[in-house]
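Written below as structure tokens is the structure these notes are about.
The values are calculated or read from the model by the stated rules, or taken from the named source; none is laboratory data. Since the structure is predicted, the reported quantities are computational estimates derived from the model, not experimental observations. For neighbour counting, all protein chains shown are included, and Cβ atoms are generated from backbone atoms with ideal geometry for every residue, glycine included.
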Amino acid sequence: MTFTAQYVARRLGAAVLVLLVVISGTFLLSHAIPADPARAAAGLHAGAAQVRAVAHQLGLDQSLWSQFGTYMGNVLRGNLGISYVSRTSIAPQLTAAVPATLELVVYSFLVCAIFGVIAGMAEAWWPRKVGTHLVRGTSILGTALPVFWFAIILQLVFAARLGWFPIESRLSSDTIPPPHITGFYTLDALLSGRWSTFGDAAVHLVLPVLSLVAWMFALTSRVAEKSFATELTRPYVQTAKARGVTSGRLLWRHVLRNALNPIITMLGLQFGWLLGGTILVEVVFSWGGIGSVMYTALQNFDYPVIEAVTLVSTIAFVVVNLGVDLLYPVIDPRIRRS
Amino acid sequence: MSGATAGPPPGPPVQLEQAAAAAGDAAPAAECEVRGLTIAYRTEGIWLRAVREVSFEVRSGETLAIVGETGSGKSSAAQAIMRLLPAAGRIESGTVRMRGIDVLTLSDRGLREVRGKLVGYVPQQPSAAFNPVMTIGRQVAEALIVHEGVRYRDAVATVTQTLAQMGLEDADRLVHSYPHQLSGGMLQRAMIASAIIARPRLLLTDEPTSALDVSVQRQILDLLKRVRDDHGLTIMLITHDLRAVTQIADRVLVLYAGRKVEIGPTAQLLSAPRHPYTRGLLTSYPGAGLQHKSRLAALPGAPLGPAEVDAEQGCPFRTRCPRVQPVCAEHFPAASGDAEHAWHCHNPEPAK
Amino acid sequence: MTAILIQPASPEQPVSPVQAVAARRGRVRTVARWWPAVLVGIWALLIVFPQVLARQNPYALNPVHALLAPGAAHWFGTDEAGRDVFARCVYGIRYSVGISIAIVVLAAVVGAALGGLAGLGNKLADNLVMRTTDVFLAFPYMILAIAIAAAEGPGLVTVLIALTAVWWPSYARLVRGQILSLRELPFVEGARAVNTPRWQIFSRHMLPHLAPQLYARVAIDIGYAILALTGLSFLGLGAQPPTPELGSIIADARNYTLQAWWYATLPGAFILVAVVSAIVIGNRLERAAGGSPV
């Protein structure tokens, strides 16, 4: 097996292990609830017999190990349990909500990554211009921004007062969602040629994405700037300049690939933050993704749902970090030894 | 991009060959002429001069060695010629003329034409100077791609050929390899290939032998000689290795603490140096196989730090010079000698 | 751009040759070192003596004066129960900042202890601690905090536990990493050679080296902890009514955003100022410790 194949296999193996641990961890968390889950499920007014019946129904009267076994088996088959509140299966509920969150997350991530890297590159290339001090100052402000508050401000100023953008939701109330292909309203609308729907979906995305990007952008551009600045001091840059390359060629063909390593590491970690921030933003904009689902579950003490959302987001986090790990050999041939 | 002074407004690319020819009709055949070059570096917030008022010329077809210890300013001088100083450095004064063209006032566009096409640069430590994530082939081809507008695909043949000419076996495979897969000696050959591939007139090599084994050093010097003779190159060789100087250099420029100390034909400098520092260099050089690191252990005193170098009014070598006089502290000596062999000393070694 | 502090020339404080040249050339900039301490002082004052700034009672219900716009009497206006928003903010920020400090300090202490154990202990201890941090770090931190807080039941104590649980692994990793590199240094080898007990090596020899970097990290993390804490409160997991806490204040305010813009927006400014102070202090500490600002 080549080294790269070994590397990939090892990373995949580690990811699978982590996933199993995460599932176990979530299970443990759910059993740390002080409240009696059976009573919570049965409702406050249920009698003792009813509570016992519910307990039996939910399998809560079995040993911890067998409960764990059932849980693991269920999760691996895609069964995420039953909501205490709605008494229906959680998995379909989440499956409907995931695309909404995914659309928000993907756009925020892309905008932040692309503009963050470009901003960092610009700042490293033209240091100490007037703009730099401004950027550095707003960068601290950006990092210090409470996401939910910023979202409310955006909503208040640009939606409520100025009316440039809608206040909430993914689509206007009189717009019909496009046919489901990817789950992304924007992509689906484009793919089915519904331009006005695309416009509506896009305009609804602006404020939520902006709220998420503001915080992330500050950090991304700072890491990018540091990485580019470090790379620009490396000897190969001088050598390339000595051959007469233009700044553009230098930056895009020489420096970028070298500077990417710490940037994508950080983007991978930021994804974890993004998941948390998305919940807050979804609450403010009534987005209807898994963040909104989580919020409702929190308010209703619907533990199975809370657990399920935790599991799903963590799995996503693990997958993204796996992706980042697998990207390294692609960018840096030194890791590719075969 | 430090050192970029205001130049002519961007327009059609400077027709370097024509300009050189026009200037060349009236000027002497100097490939490169440096006058009064002063370079400063920023340390702890202030600019300190590391190279002061250095003047010399490199004549067409000759090999000039610039010799000095670490901190003498020799690498800075070479980098300054191509305006490649790091961000913390800048050219404070002086002129650099390449066949009559003033390099220091060139626009960015003109400068890019000089680099790679008129002047080839072989930096120190090729293992660090190659981009680790690009193949050797692409980097060697780069000067061609940039200056002659060819695509990499079309340049591969030339690259392979050049690499083979440098003495590299298996050039077809090397072209697709990455720097970390090659040895130091192979990288040095590849670096030389990348510097000459666009057929420059002047080759600047910075310490081509330092990072290599003794056996490989000889091979690289022979390669440089071959390349020079095949392509009619003028070479400016920065080194602290006197052995290399004897093997390849026609003339030698000696720098100490940023000052020009002596310049002259190699044979003359080696047999009858006039400056005490040059003499000191030679006393630790009996022949092959010696490292030059401790060559000044015999001299008393200590080398100067950057602040002292900048502040020095007189001759910087006076703290270690066996022939020091009171006048040496007052002002830096003017040139003595002639156009062939010159030195700056108040109390030079007697002529032989 | 580094600033130079020129000490007055005196025999006990030699000036470097470069600084001497700089002084002679008259190009010197001095930088005041005292402002982060002043900042800390102001915040300490605010936390211990909120009455200094907030003249009104944050708990006083006054339904008649509900949702008044900001004015002379109420700088930030009033909320839906007629309480002075500014006073609630001042009292609330005490919780936000105070608990965040507690969280980070606790996490740092626990993390450093476990990191030290991992770095200086045997292979088993190292593996145990590292695998545990792996488990915690596998979860996105906010999600984990939410899950723990939800499991324990909402409240400020819960949030404290949840965020400390989320924060300690990075300190453990940091300290362990530093110890691994410090372990090879001669002075540690020397201490080991004379059989110094390991905990002494840690506390007396290594901690002084780690401390500056740790302080810087703690300061910045306090800022991030404030953001996380207010976020959790916003979701309803933190302070419960009537305790004023900035996140929950903003959550309550959301219902009245259109009628009373000041209610939702102005408290956020408090959070912003607190976090910016923390980050700025942390950056200063980081520069003093020899790193580069975050």
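A single member of B:S2, B:S76 is modelled with pLDDT of 90 or more and hydroxyl-bearing (S, T, Y), and it is B:S76. Please tell me if C:L237 is more than 15 Å from C:I93 (Cβ to Cβ) and within 12 Å of another protein chain (Cβ to nearest Cβ). Criteria met by C:L237.
Taken together, B:V150, B:V114 contain a single residue that is among the β-branched types (V, I, T), on the phi < 0 side of the Ramachandran plot and not in a loop (DSSP other than H, G, I, E, B), which is B:V114. Considering only residues in the stretch B:31-57 that are surrounded by fewer than 19 Cβ atoms within 10 Å (Cβ to Cβ) and basic (K, R), the one that is nearest to B:R259 (Cα to Cα) turns out to be B:R35.
Output yes when any residue across the stretch A:239-252 is within 12 Å of another protein chain (Cβ to nearest Cβ) and touching a His at 6+ places or on another chain (Cβ under 7 Å), and no when none is. Yes; the residues of the stretch A:239-252 include at least one that is within 12 Å of another protein chain (Cβ to nearest Cβ) and touching a His at 6+ places or on another chain (Cβ under 7 Å). Take A:L187 and decide whether it is within 14 Å of chain C (Cβ to nearest Cβ), closer than 24 Å to A:L267 by Cβ and surrounded by 14 or more Cβ atoms within 10 Å (Cβ to Cβ). Answer is no for this residue.
For the stretch C:179-277, the helices (runs of 4 or more DSSP H) that sit wholly inside it and include 1 or more residues that are among the hydroxyl-bearing types (S, T, Y) and farther than 22 Å from A:E282 by Cβ are C:207-234. You will find that of A:V320, A:V330, the residue that is buried (at least 18 other Cβ atoms within 10 Å of the Cβ) and either away from every other protein chain (no Cβ under 11 Å) or in a helix (DSSP H, G or I) (or both) is A:V320 and no other.
In this structure, B:T160 does satisfy being of a type in the set (V, I, T) and either more than 13 Å from chain A (Cβ to nearest Cβ) or in contact with a helix residue (DSSP H, G or I) (Cβ under 8 Å, 6 or more places away or on another chain) (or both). Checking the conditions here, which among C:A225, C:A211 is within 14 Å of another protein chain (Cβ to nearest Cβ) and among the hydrophobic types (A, V, I, L, M, F, W, C)? It is C:A225. Considering only the stretch C:121-131, I want to know if a residue exists there that is in contact with a Ser or Thr (Cβ under 9 Å, 6 or more places away or on another chain) and assigned to a helix (DSSP H, G or I). Checked against the condition, which is being in contact with a Ser or Thr (Cβ under 9 Å, 6 or more places away or on another chain) and assigned to a helix (DSSP H, G or I), the stretch C:121-131 yields no hits at all. A:V223 falls short on exactly one of the conditions (1) assigned to a helix (DSSP H, G or I); (2) under 30 Å from B:L144 (Cα atoms), and that condition is (2). Can you pull out every residue in the stretch B:113-147 that is of a type in the set (G, A, S) and either more than 14 Å from A:G244 (Cα to Cα) or out of contact with any helix residue (DSSP H, G or I) (no Cβ under 9 Å at 6 or more places or on another chain) (or both)? If the condition is that a residue be of a type in the set (G, A, S) and either more than 14 Å from A:G244 (Cα to Cα) or out of contact with any helix residue (DSSP H, G or I) (no Cβ under 9 Å at 6 or more places or on another chain) (or both), then B:S127, B:A128, B:A129, B:G137 are the ones that fit.
The residues of the stretch C:122-144 that are crowded, with 23+ Cβ neighbours inside 10 Å and within 8 Å of chain A (Cβ to nearest Cβ), listed by number, are C:F139, C:P140, C:Y141, C:M142, C:I143, C:L144.
C:P50 meets each of the listed conditions (1) in contact (Cβ under 8 Å) with a residue 60 or more places away in the chain; (2) crowded, with 17+ Cβ neighbours inside 10 Å; (3) more than 19 Å from C:W261 (Cα to Cα) apart from (1).
May I ask you to list the residues in the stretch B:235-273 that are buried (at least 23 other Cβ atoms within 10 Å of the Cβ) and of a type in the set (S, T, N, Q)? Once the filter is applied, which keeps residues that are buried (at least 23 other Cβ atoms within 10 Å of the Cβ) and of a type in the set (S, T, N, Q), the stretch B:235-273 yields only B:T239. Close Cβ contacts (under 9 Å, 6 or more residues apart or on different chains) running from residues in the stretch C:138-159 that are more than 26 Å from C:P242 (Cβ to Cβ) to residues that are in a loop (DSSP other than H, G, I, E, B) comprise C:A147/C:F139. Scanning the stretch B:197-220 for residues that are surrounded by 19 or more Cβ atoms within 10 Å (Cβ to Cβ), closer than 22 Å to B:S76 by Cα and not charged (D, E, K, R) yields B:P200, B:L202, B:L203, B:L204, B:T205, B:P208, B:T209, B:L212.
When we screen C:A172, C:A162 for residues that are within 12 Å of chain A (Cβ to nearest Cβ), assigned to a helix (DSSP H, G or I) and crowded, with 17+ Cβ neighbours inside 10 Å, the only hit is C:A162. Does A:L205 satisfy the condition of being under 17 Å from the mean Cα position of the chain (by Cα), assigned to a helix (DSSP H, G or I), at the interface with another protein chain (Cβ under 10 Å from one of its Cβ atoms) and surrounded by 19 or more Cβ atoms within 10 Å (Cβ to Cβ)? Spelling it out, it is not the case that A:L205 is under 17 Å from the mean Cα position of the chain (by Cα), assigned to a helix (DSSP H, G or I), at the interface with another protein chain (Cβ under 10 Å from one of its Cβ atoms) and surrounded by 19 or more Cβ atoms within 10 Å (Cβ to Cβ). Summed over the stretch A:233-273, residues that are crowded, with 19+ Cβ neighbours inside 10 Å and not in a helix (DSSP H, G or I) total 3.
Candidates are the residues of the stretch A:300-309 that are facing another protein chain (nearest Cβ under 9 Å) and at pLDDT below 90; the one that is surrounded by the fewest Cβ atoms within 10 Å (Cβ to Cβ) is A:F301.
Can you tell me which residue in the stretch C:240-294 is farthest from A:L141 (Cα to Cα), limited to those that are more than 10 Å from chain A (Cβ to nearest Cβ) and of a type in the set (G, A, S)? In this case the residue turns out to be C:A260. In the set A:T220, A:T233, only one residue is within 14 Å of chain C (Cβ to nearest Cβ), polar (S, T, N, Q) and free of Cβ contacts under 8 Å to residues at least 12 places away in the same chain; that residue is A:T233.
Can C:L156 be described as surrounded by 17 or more Cβ atoms within 10 Å (Cβ to Cβ), modelled with pLDDT of 90 or more and away from every other protein chain (no Cβ under 13 Å)? Judged against the criteria, C:L156 is not a match.
If the condition is being surrounded by 24 or more Cβ atoms within 10 Å (Cβ to Cβ) and more than 8 Å from chain A (Cβ to nearest Cβ), then the stretch B:140-156 contributes B:V140, B:A141, B:L144.
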